[in-house]
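> One structure coming up, written as structure tokens, with questions to follow.
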Amino acid sequence: MFRTIEWLDDTSQVRLVDQTKLPLTLEHIVTDSHERIAASIKKMEIRGAPAIGAAAGMGMALAAIESKARTIGDLLEYLENAANTLNTRPTAVNLTWATARMLETAKNATGSVDDVIQKLIDEAKEIAEEDVRMCRSMGENALEFIKSGFTIQTICNAGSLATVHLGTVGAVVRIAHEKYNGDIKVYSAETRPRQQGARLTVFEFIEDSIDTTLITDGMIGTVFREGRVDCCVVGADRILRTGHIINKIGTYTMAITAKYHNIPFYSVAPTSTIDMETNPEDVIIEERDPDEVRIINGEYVTVPDAKVYNPAFDITPPELIDAIITDRGVVRNPTEEKMRKLFPI
Ligand code: MRU
């Protein structure tokens, strides 16, 4: 699997896969502008919590170069504005986590403006490399739950394309697939309205010769009742200290349905997705353009001014989650006490 996003050392540019074109065309966007990165995040040319975190980190490094600042004060002011521009989606905590980390790096750095800019470039590259390492650790930590011959239900895309490389759920599936000599199957829910399951998850697992079956979101109950899957493994855009997970719309319904059918439900995410501060009722759930629901492939599938509600994410409470799997370890039957033990503030 290719890298979703990378820093090009030779030209000081960022190169990312345009995910809106997949699976039919593999095109890249190459840019030296943090505003272009912000637009890419907003338009979902790059999406998935860890991937947009990495993009924001690199966007901040581009902003530092663009600033042409002569003093550290000017550089910091430019970076504060860039962070506001880059924070275009409110739900995935990785985005604000990355811009805050880059601002901290700039504030703590010593030396000339050029030295600080170089530190920011290094930090952005480190955020991306860390993500690759964390994904691998999560995949390894998940192995205690995944047996040879398992069929795994997924939603949305938490594969390579949602991270820098490998994926969160992607790592779980790929590492188990490798360990069990290919004896792992996937059911991918289509994930209306943006169809990340159909367009991206099926695409990348088939590229890796992983046996993958596409279903529409409404088929989940039937698939569970017919005993077709052994467990659900989903990603997360934010995991709270209470053990609530915020993930793609449809995750909550899947978790309730899994509970009814006694199917284990796991969420897998890196440390950068953990939010130990926000309360469940304070999480902002992104509401997207109503036309994402009204229009399919450029054509209205309903009356053009139909009233629409289009929340992009939902919140699944801890009592529906069998384990949260992170790069640091596993929290079974999550509670605040157990979360605090693994993630002390
Ligand atoms: O709206 P998206 O496509 O950015 O939503 C992505 C998801 O909900 C993923 O499941 C989540 O970011 C985890 S990705 C490793």
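> State which residue pairs qualify: first residue not assigned by TED's automatic domain parsing to the domain that holds Thr163 and away from the ligand (no atom under 16 Å from the Cβ) and inside segment 48-72, second residue modelled with pLDDT of 95 or more and aromatic (Phe, Trp, Tyr) in any location, beta carbons under 8 Å apart, and separation of 6 or more residues or different chains.
Met58/Trp7; Ala61/Trp7; Ala63/Tyr78; Ala64/Tyr78; Glu66/Tyr78; Ser67/Tyr78; Ala69/Tyr78
> List pairs: first in segment 80-103 and outside the structural domain of Leu240 (by TED's automatic domain parsing) and free of Cβ contacts under 8 Å to residues at least 60 places away in the same chain, second within 16 Å of the ligand (Cβ to nearest atom) and of a type in the set (Lys, Arg), Cβ under 8 Å, 6+ apart or cross-chain?
Thr88/Lys42; Leu95/Arg89
> Give me a count of the residues in segment 214-238 that are surrounded by 15 or more Cβ atoms within 10 Å (Cβ to Cβ) and not in a helix (DSSP H, G or I).
13
> Within segment 196-213, how many residues are in a helix (DSSP H, G or I) and either among the aliphatic types (A, V, I, L, M) or on the phi > 0 side of the Ramachandran plot (or both)?
Counting residues in segment 196-213 that are in a helix (DSSP H, G or I) and either among the aliphatic types (A, V, I, L, M) or on the phi > 0 side of the Ramachandran plot (or both) gives 4.
> Look through segment 144-169, keep the residues that are polar (S, T, N, Q) and within 18 Å of the chain's Cα centre (by Cα), and return whichever of them is farthest from the ligand (Cβ to nearest atom).
Gln153
> Sticking with this structure for a sec: Kindly evaluate Val172 against the criterion of being in contact with a strand residue (DSSP E or B) (Cβ under 7 Å, 6 or more places away or on another chain), within 15 Å of the ligand (Cβ to nearest atom) and either at pLDDT 95 or above or part of a helix (DSSP H, G or I) (or both).
So Val172 fits the description; yes.
> Same structure, new question: Looking at segment 112-148, which of its residues are part of a loop (DSSP other than H, G, I, E, B) and either exposed (fewer than 13 other Cβ atoms within 10 Å of the Cβ) or of a type in the set (Val, Ile, Thr) (or both)?
Ser112, Ile146, Ser148
> Another question, if that's okay. Sort out which residues of segment 19-47 are touching a residue at least 40 places away in the same chain (Cβ under 8 Å) and of a type in the set (D, E, K, R), and write them in order of number.
Matches in segment 19-47: Glu35, Lys42, Arg47.
> Could you go through segment 297-319 and let me know if any residue there is buried (at least 16 other Cβ atoms within 10 Å of the Cβ), farther than 21 Å from Asn157 by Cβ, among the hydrophobic types (A, V, I, L, M, F, W, C) and in contact with a strand residue (DSSP E or B) (Cβ under 8 Å, 6 or more places away or on another chain).
The answer is no, given that none of the residues of segment 297-319 is buried (at least 16 other Cβ atoms within 10 Å of the Cβ), farther than 21 Å from Asn157 by Cβ, among the hydrophobic types (A, V, I, L, M, F, W, C) and in contact with a strand residue (DSSP E or B) (Cβ under 8 Å, 6 or more places away or on another chain).
> Every residue in segment 188-246 that is of a type in the set (Lys, Arg) and either closer than 23 Å to Thr20 by Cβ or more than 17 Å from the chain's Cα centre (by Cα) (or both), please.
Arg192, Arg194, Arg199, Arg225, Arg228, Arg241
> Which one is farthest from the ligand (Cβ to nearest atom), of the residues in segment 245-263 that are assigned to a loop (DSSP other than H, G, I, E, B) and surrounded by fewer than 19 Cβ atoms within 10 Å (Cβ to Cβ)?
Asn262
> Against the condition within 12 Å of the ligand (Cβ to nearest atom), of a type outside the set (A, V, I, L, M) and without any contact (Cβ under 8 Å) to a residue 60 or more places away in the chain, how does Gly197 come out, does it pass?
Here the answer is yes, as Gly197 does meet what is asked.
> State whether the residues of segment 96-111 include one that is within 15 Å of the ligand (Cβ to nearest atom) and buried (at least 24 other Cβ atoms within 10 Å of the Cβ).
Looking through segment 96-111, at least one residue is within 15 Å of the ligand (Cβ to nearest atom) and buried (at least 24 other Cβ atoms within 10 Å of the Cβ).
> Enumerate the pairs (first residue in segment 200-211 and outside the structural domain of Leu22 (by TED's automatic domain parsing); second residue anywhere and surrounded by fewer than 19 Cβ atoms within 10 Å (Cβ to Cβ) and assigned to a strand (DSSP E or B)) with beta-carbon separation below 7 Å, excluding pairs fewer than 6 apart on the same chain, so at least 6 apart or on different chains.
Once the first residue is outside the structural domain of Leu22 (by TED's automatic domain parsing) and sits in segment 200-211, its partners that are surrounded by fewer than 19 Cβ atoms within 10 Å (Cβ to Cβ) and assigned to a strand (DSSP E or B) give Val202/Leu214.
> Here's something else I'd like to know. Tell me, which residue of segment 77-86 that is of a type outside the set (Asp, Glu) and over 20 Å from Glu126 (Cβ atoms) is nearest to the ligand (Cβ to nearest atom)?
So the residue we want is Thr85.
> Condition first: in a helix (DSSP H, G or I), among the polar types (S, T, N, Q) and either more than 16 Å from the ligand (Cβ to nearest atom) or surrounded by 21 or more Cβ atoms within 10 Å (Cβ to Cβ) (or both). Can you find one or more residues in segment 18-37 that meet it?
no
> Scan segment 45-68 and give yes if some residue there is modelled with pLDDT under 95 and farther than 19 Å from Asp131 by Cα, otherwise no.
So far as segment 45-68 goes, yes, one or more of its residues are modelled with pLDDT under 95 and farther than 19 Å from Asp131 by Cα.
> Quick one: in segment 323-345, of everything that is β-branched (Val, Ile, Thr) and modelled with pLDDT of 95 or more, which residue is farthest from the chain's Cα centre (by Cα)?
Per the stated criteria, the residue is Thr335.
The values are calculated or read from the model by the stated rules, or taken from the named source; none is laboratory data. What you see is a predicted model, and the numbers here were worked out from it, not measured in a lab. Cβ: placed from backbone, ideal geometry, glycine included. Neighbour counts: every protein chain shown.
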